[in-house]
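Student: For reference, the structure I am asking about is given below.
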Amino acid sequence: MPLIHEILPVGLLHCNCSIFGDEESKDAIVIDPGDDIAGIQAILDGHQLKVKAIVITHAHIDHIGGAAKLKAITGAPVYMNENDQPLYDHLDTQATWLGMETPSRTEIDMPAREGDKLTLGGADFQILHTPGHTQGSISVWIPAENKLIAGDTLFRDSIGRSDLPGGNGRQLLQSIADKLLVLPDEAVVFPGHGPTTTIGRERAVNPFL
Ligand SMILES: [Zn+2]
């Protein structure tokens, strides 16, 4: 049975927060709870889901801003690649860029490294380390669902910025080529912002690739 998958654009920058749920166990994985924890909670409640993991694609405030609050409510562990810890340590600086209040921070409970795997309802959530937008950027590949959560690495018709601290344009292109474009053409891509796409479409028409 396919997983429940709801996408909620959260916060000022409309970060796509993905909520995956297993109909049977009622377990859920939330990816990138950047903000609007009340909205995320409403979706969880609507499906009677219980969060068992919070996964962060990278430590930019629009993706990680609500992690501490969601963890406080659910008790679920937070997964993030350790290479983004310095960015998370300077959440106050990021808040200043956006002219917003600094959200509360939390401990990262589990690393999210290349080859790591979470499971939900029998589906693997495979962690791909895709540095370039930030040094700790990850993408999450879910083969059973044919879905890729791409964070800010790959967008429809675009790629992530590499001009922010920790960014590296050559590394970003290398990550996309080595880790993402090797996935099946039909793989559906859910970028960190904006509309969905497929690997085949981006391989064919993305002007940055
Ligand atoms: Zn970002």
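The values are calculated or read from the model by the stated rules, or taken from the named source; none is laboratory data. None of the values given here were measured: they were computed from a predicted structure. Backbone-built Cβ (ideal geometry, glycine too); neighbour counts: all protein chains shown.
Student: Would you tally the residues in region 178-188 being more than 20 Å from residue 81 (Cα to Cα) and either surrounded by 19 or more Cβ atoms within 10 Å (Cβ to Cβ) or touching a residue at least 24 places away in the same chain (Cβ under 8 Å) (or both)?
Tutor: Summing the residues that are more than 20 Å from residue 81 (Cα to Cα) and either surrounded by 19 or more Cβ atoms within 10 Å (Cβ to Cβ) or touching a residue at least 24 places away in the same chain (Cβ under 8 Å) (or both) in region 178-188 gives 6.
Student: Inspect region 123-135 for any residue being away from the ligand (no atom under 16 Å from the Cβ) and of a type in the set (Phe, Trp, Tyr) and give the result as yes or no.
Tutor: Looking for residues that are away from the ligand (no atom under 16 Å from the Cβ) and of a type in the set (Phe, Trp, Tyr), one finds at least one in region 123-135, hence yes.
Student: List pairs: first in region 128-156 and under 14 Å from residue 114 (Cα atoms) and in a loop (DSSP other than H, G, I, E, B), second among the basic types (Lys, Arg) and more than 15 Å from the ligand (Cβ to nearest atom), Cβ under 8 Å, 6+ apart or cross-chain?
Tutor: 130/179
Student: Could you tell me which residue of region 189-209 is farthest from the ligand (Cβ to nearest atom), considering only residues that are surrounded by fewer than 14 Cβ atoms within 10 Å (Cβ to Cβ) and in contact (Cβ under 8 Å) with a residue 12 or more places away in the chain?
Tutor: Checking each candidate, the answer is 205.
Student: Name the residue that is surrounded by the fewest Cβ atoms within 10 Å (Cβ to Cβ), counting only residues in region 159-175 that are small (Gly, Ala, Ser) and out of contact with any helix residue (DSSP H, G or I) (no Cβ under 9 Å at 6 or more places or on another chain).
Tutor: Filtering first and then ranking leaves 169.
Student: Is there a residue in region 104-113 that is touching a Ser or Thr at 6+ places or on another chain (Cβ under 6 Å), outside any loop (DSSP other than H, G, I, E, B) and either surrounded by 18 or more Cβ atoms within 10 Å (Cβ to Cβ) or not acidic (Asp, Glu) (or both)?
Tutor: No; the residues of region 104-113 include none that is touching a Ser or Thr at 6+ places or on another chain (Cβ under 6 Å), outside any loop (DSSP other than H, G, I, E, B) and either surrounded by 18 or more Cβ atoms within 10 Å (Cβ to Cβ) or not acidic (Asp, Glu) (or both).
Student: A further question follows. Residue by residue through region 189-209, note down the ones that are in contact with a Phe, Trp or Tyr (Cβ under 8 Å, 6 or more places away or on another chain) and part of a loop (DSSP other than H, G, I, E, B).
Tutor: Within region 189-209, 192, 193, 194, 196 qualify.
Student: Could you tell me which numbered condition residue 59 fails, if it satisfies all but one of (1) outside any loop (DSSP other than H, G, I, E, B); (2) within 11 Å of the ligand (Cβ to nearest atom); (3) of a type outside the set (Phe, Trp, Tyr)?
Tutor: (1)
Student: Follow-up. Does region 133-154 contain any residue that is on the phi > 0 side of the Ramachandran plot and modelled with pLDDT under 95?
Tutor: No, every residue in region 133-154 fails to be on the phi > 0 side of the Ramachandran plot and modelled with pLDDT under 95.
Student: In region 138-153, what residues are of a type outside the set (Val, Ile, Thr) and either more than 20 Å from residue 20 (Cα to Cα) or more than 15 Å from the ligand (Cβ to nearest atom) (or both)?
Tutor: 141, 143, 144, 145, 146, 147, 148
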